[in-house]
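Input: a single structure, listed below in structure tokens.
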Amino acid sequence: MADTFVNFAYGSNMSSRRLRARTPSARPIGIGQLSAHRLMWHKAGRDGSGKCDVLHTGDAQHVVWGVLYEIAMADRPHLDLAEGLGQGYDYKVVRVRSNSGVVDAGVYHATRIDVALRPFDWYVAYVLHGAREHHLPAAYQLELGRVEALVDTDAERREMNLALLR
């Protein structure tokens, strides 16, 4: 059994700060593209907001950019818990194109969906922070910046999350 696994982060976990707070061993190994998927913000979060999802469309024109991380297997249960494995997200292995070739990587995908939900502003800030940190294509970053976000009315939760980005 391997000591590490590769995870494809496409949402708030693209931010190294966010992911390392959950899995200290996480080490970015490159960026990648997941074809035939579209980034959606419809995963029903436990806080009542929308979270990111990679929705399989089957259309090769649809691409989700993200960050490939190598993570110690010992940290996997912590990530599963943070992601709500079995309670809103499931896990699958996908083939991601990267600069070093095609990589098999794990990805969390939504099982609890509500298209009416919108993400909180701090959540979108994590996603944008990760996209900038890892130099995802400028056009993709602009697309992420157009997402309609809600200001989180829970000031303590909002401040706690934004503090991690400072």
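What is the distance in Å between the Cα centroid of region 88-127 and that of region 1-26?
Using only Cα atoms, the two centres lie 12 Å from each other.
So what are the ³J(HN,Hα) numbers for region 46-51, from phi and the Karplus equation (6.51, -1.76, 1.60; θ = phi - 60°), rounded to whole Hz, Gly and Pro as x?
Along region 46-51, the couplings run 5, 8, x, 10, x, 10 Hz.
Using the Karplus curve 6.51 cos²θ - 1.76 cosθ + 1.60 with θ = phi - 60°, work out ³J(HN,Hα) for each residue of region 68-77 in order, rounded to whole Hz, and write x for Gly and Pro.
Calculated HN-Hα couplings, in order: 8, 10, 9, 9, 5, 4, 4, 8, 4, x Hz.
Among M160, M40, M14, which comes first, then next, by fewest other beta-carbon atoms within 10 Å?
Going from sparsest to densest Cβ surroundings: M160, M40, M14.
If the label point is 7 Å along Cα→Cβ of R112, which residues in region 48-80 have backbone nitrogen under 20 Å from it?
Under cut-off, by backbone N: 48-56, 77-80.
Report the Cα-based extents of the chain along its three principal axes, largest first, to the nearest Å.
On the principal axes, the chain reaches 43, 36, 30 Å in Cα extent.
About the Cα centre of region 4-165, what is the dipole size in debye to 20, counting +1 per Lys and Arg Cβ and -1 per Asp and Glu Cβ, all else neutral?
In total the dipole reaches around 260 debye.
Based on Cβ point charges of +1 for Lys and Arg and -1 for Asp and Glu, what charge dipole magnitude is obtained for region 73-144 about its Cα centre, in debye rounded to the nearest 20? Don't jump to the answer; show the numbers that get you there.
Values: 7 positive and 9 negative charges, 39 e Å.
Here the size comes out at about 180 debye.
Can you tell me which of 77-90, 132-145 comes out highest on packing, and rank the rest after it, using the mean Cβ neighbours within 10 Å? The partial results should precede the final answer.
On the way: 77-90: 15.7, 132-145: 14.1.
Order by mean packing, descending: 77-90, 132-145.
Once R0 is set to 35 Å, what does the formula 1/(1 + (r/R0)^6) return for the Cβ-Cβ distance between Y91 and R166, expressed as a FRET efficiency to the nearest 0.05?
So, using R0 = 35 Å, E works out to roughly 0.70.
The numbers here are math on the coordinates, done by the rules we state, and not lab data. Treat the numbers as computed from the prediction; the structure is a model and nothing was measured. For neighbour counting, all protein chains shown are included, and Cβ atoms are generated from backbone atoms with ideal geometry for every residue, glycine included.
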